[in-house]
């Protein structure tokens, strides 16, 4: 028992030490030397850098929920820290059991496992102390509540991005005022200057990354599919959430674009023989070891695109940063009326020549459970095979291998 | 004896079935308990079915495995899910089938079919085994009755007792409490059947159910559940002579198709 507690203390110290991330970088660079996709290496370096800076505490640390715009944190020269992203990484390495079990003694097991994992990690003392927390009321319904709980644990202020249900002129004005107010309050609380010129530079970076994202998405229309959907749902979606507004984001998306461009020019798909193409709905997949993507790959079924990487927002105008950010938030197709999301899914089905659709139904996720049935009806009316795949993104105990295999294989058989 | 033969092996969680098919129809079948070794169960039921058909294993042109243990049948030429196989088997037996309800050992599924017997849509129960064959086995043990007698006994009851829990563990405790309260076994069984049927009926609401409905899987042998389902759907339900072999039949039909297509 004592030995375990000592090990935990050592581990916590290592995780909290910025030096750890400096040491890890050359080691991981060496391990990733054979990785043919340079964007993946940038993702690893970005994570090490942003985590090191969060623990170094030379800049204010702002915790954010996954859908809160990171441009605000970068624009205020703060370090963003997104607990859900860290939870997905912890799940990827198969370490989520312990933090989830710890969180379950504090909070309902009905809550999304990414949040429970984050809470457990925070309670264990693994996370960097926040100076401020910003959450968004879209899309995840638990974000505000959990991040408010975090603000109580750490005794720091909590601010919220709360967009209106519909866009339009009135909604835009409301959102612009809210963002200005949020930035102003943040500056006051953290004693930071509000430098709109710097925010415009951050938006220029975000827009540069967006332009490469658009190019990447166009390349991904090619058959055979150049990038595995499993990767689209991991580091690509991760950078989409975490890096926009930073130089890292531009480097990553540019690098991925160039890598995919070469693959598409060579007609090189990620599967040896692509028989059909799937669209993956929902922003996540199970990150722990599972068979889903292997089963699909073995049968020649490519996950060609994921709605997590659908580019829903218009180009940003760095000279009008607040209006641009408001437009980005308000154009999110997963917030607001379901018709917008259905229209986007229709576009993806057409653009990516989709044969079948999987809607991953993550345990505890309320943001998509209502829409899943309506989307299914819409797709089935158009003759597109569709399954709701129940599972859990972070909690392996909620994964049922036999039933998952049967559901996935039955979908493949419907495609055949 | 000449002629090509094809085999389907359905390895379920509780029972395994093998069916031998010729070009002119079903030659034989066998049903065994799966036990702890699915591969062995597959081998035994296939051996029995072949013996009944008077044929040897080397005479099999193609063999398709299905069921949850399909990946544990190394001698299969192909694996096909039980969803697709039950659809195919039901369509063969009842060509105008629009919907299949399959309740097996640990899964229940509702499958809608296209005109050719292909799957157009399906729903499965979640991880919980409530309302499946295993659930009924546990309840039969709690009631100290034979599984095969449950259907007949439930039909003797005028009404069912309300069962509030469908979790196998909690329902077992509830059944024991009901027995202790002096409730008649027949009424408890009917209550269980009604609860299972309601659960299946609710699953079908997620699909566009098309008539005719065919009921397959081991639980379809329970005439009590078949009756309550008929009442809920308000229509006749096809029940195959041996509902447990529908998956293996579908698998054998796929095996025959493979041979004919040369794949």
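Just rank A:258, B:88, fewest to most, by other beta-carbon atoms within 10 angstrom. Walk me through the numbers before you get to the answer.
On the way: A:258 15, B:88 29.
Ranked by crowding around the Cβ, least crowded first: A:258, B:88.
Taking each pair of distinct Cα atoms in the stretch B:159-263 once, what is the resulting Kirkwood hydrodynamic radius in Å?
On the way: mean 1/r = 0.0626 Å⁻¹.
Evaluated on the stretch B:159-263, it is 16.0 Å.
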* **Surface/4 estimate of mean projected area, convex hull on alpha-carbon atoms of the stretch B:1-50, nm²** => 3.2 nm²
* Structure fact -> If one builds a Gaussian network model of chain B from Cα atoms under 10 Å apart, the most fluctuating residue listed among B:239, B:71, B:179 is B:179
* Express the relative contact order of the stretch A:186-259 as a whole percentage, based on alpha carbon pairs under 8 Å and six or more residues apart in sequence. => 44 percent
* Structure fact -> So the pair-distance distribution of the stretch A:135-282, from every Cα-Cα distance in 5 Å bins, comes to percents of 2, 8, 12, 14, 17, 15, 12, 9, 7, 4, 1, 0
* To do: Using Cα centres only, tell me the gap between the stretch A:1-70 and the stretch A:199-245 in whole Å.
  => 22 Å
* Report Rg(Cα)/(2.2 N^0.38 Å) for the stretch B:96-239, keeping two decimals. => 1.03
* Just B:125, B:37, B:222 to compare: in a GNM of chain B, with alpha carbon springs under 10 Å, which one fluctuates most? -> B:37
* **Helix B:38-53 axis, angle to chain B major axis (alpha carbon atoms, nearest 10°)** => 70 degrees
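Could you give the C-alpha radius of gyration of chain B expressed as a fraction of 2.2 N^0.38 Å, taking N as the number of residues it contains? Spell out each step's value before the answer.
Values: Rg = 18.7 Å, N = 263, 2.2 N^0.38 = 18.3 Å.
Here the Cα radius of gyration is 1.02 times the empirical estimate.
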* Give the angle, between 0 and 90 degrees and rounded to the nearest 10, that separates the Cα long axis of helix B:168-180 from the longest principal axis of the Cα atoms of chain B. => 40 degrees
* Asked: Normalised by the residues of chain A, what does the relative contact order come to in percent, with Cα pairs under 8 Å and at least six apart?
  -> 18 percent
* **Potential lengthening between residue A:289 and residue A:170 on full extension [0.36 nm per residue; Cα-Cα distance subtracted]** => 38.2 nm
* Pick from B:64, B:169, B:11: which is most flexible by mean-square fluctuation in a GNM of chain B where alpha carbon atoms under 10 Å apart are linked? -> B:169
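Treat the count of other C-beta atoms within 10 Å as a stand-in for reagent exposure and order B:168, B:132 from fewest to most. Show your work: numbers first, answer last.
On the way: B:168 18, B:132 24.
Starting with the residue having the fewest Cβ neighbours, the order is B:168, B:132.
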* Run through every distinct alpha carbon pair of the stretch A:313-366 and return the Kirkwood hydrodynamic radius in angstroms, one decimal place. => 13.4 Å
* To two decimal places, what compactness ratio does the stretch A:113-205 give when its Cα radius of gyration is scaled by 2.2 N^0.38 Å? -> 1.24
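For the stretch B:1-146, what is the convex hull volume of the alpha-carbon atoms per residue, in Å³? It would help to have the intermediate numbers written out before the result.
On the way: hull volume 18.1 nm³, N = 146.
Enclosed volume per residue, from the Cα hull, is 124 Å³.
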* **Value in Å of the Kirkwood radius, where the stretch A:19-156 supplies the Cα pairs that are averaged** => 15.8 Å
* To do: Determine the shielding of peptide B:117-126 by partner chains: average, over its residues, the number of Cβ atoms on other chains within 10 angstrom of each Cβ.
  => 4
* Roughly what % of Cα-Cα distances in the stretch A:27-74 sit above 12 Å, to the whole percent? -> 70 percent
* **Cα gyration tensor shape for the stretch A:92-147, rounded if a/c is under 1.5, else prolate or oblate** => oblate
* At 7 Å along the Cα-to-beta-carbon direction for both residue A:180 and residue A:262, put a label point, then send me their distance in nm to one decimal. => 4.7 nm
* Over the stretch A:2-415 - Rg/Rh using Cα atoms and the Kirkwood inverse-distance radius -> 0.95
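Divide by every residue of chain B the summed helix terms, -39500 (n - 2.57) for each DSSP H run of at least 4, and state the resulting mean residue ellipticity at 222 nm, rounded to the nearest 500 deg cm²/dmol.
Values: 8 runs with 104 residues, N = 263.
Computed mean residue ellipticity for chain B: -12500 deg cm²/dmol.
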* For the stretch A:338-416, what class follows from the C-alpha gyration tensor (a ≥ b ≥ c being the square roots of its eigenvalues): rounded when a/c is under 1.5, otherwise prolate if a/b is larger than b/c, else oblate? -> oblate
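Please state the relative contact order of chain B as a whole percent: Cα pairs under 8 Å, 6+ residues apart? Each step should come with its number before you reach the end.
On the way: 581 pairs, mean separation 62.7, N = 263.
It comes to 24 percent, rounded to a whole number.
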* Residue exposure sequence - A:328, B:58 - by fewest surrounding Cβ within 10 Å -> B:58, A:328
* To do: Report, in degrees rounded to the nearest 10, the 0 to 90 angle that the Cα long axis of helix B:133-142 makes with the longest principal axis of chain B.
  => 40 degrees
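FYI, it's all coordinate maths here, none of it is from the lab. Please read these numbers as outputs of a predicted model, since none were measured by experiment. When we count neighbours, we look across all protein chains shown, and the Cβ atoms used for this are built from the backbone with ideal geometry, even at glycine.
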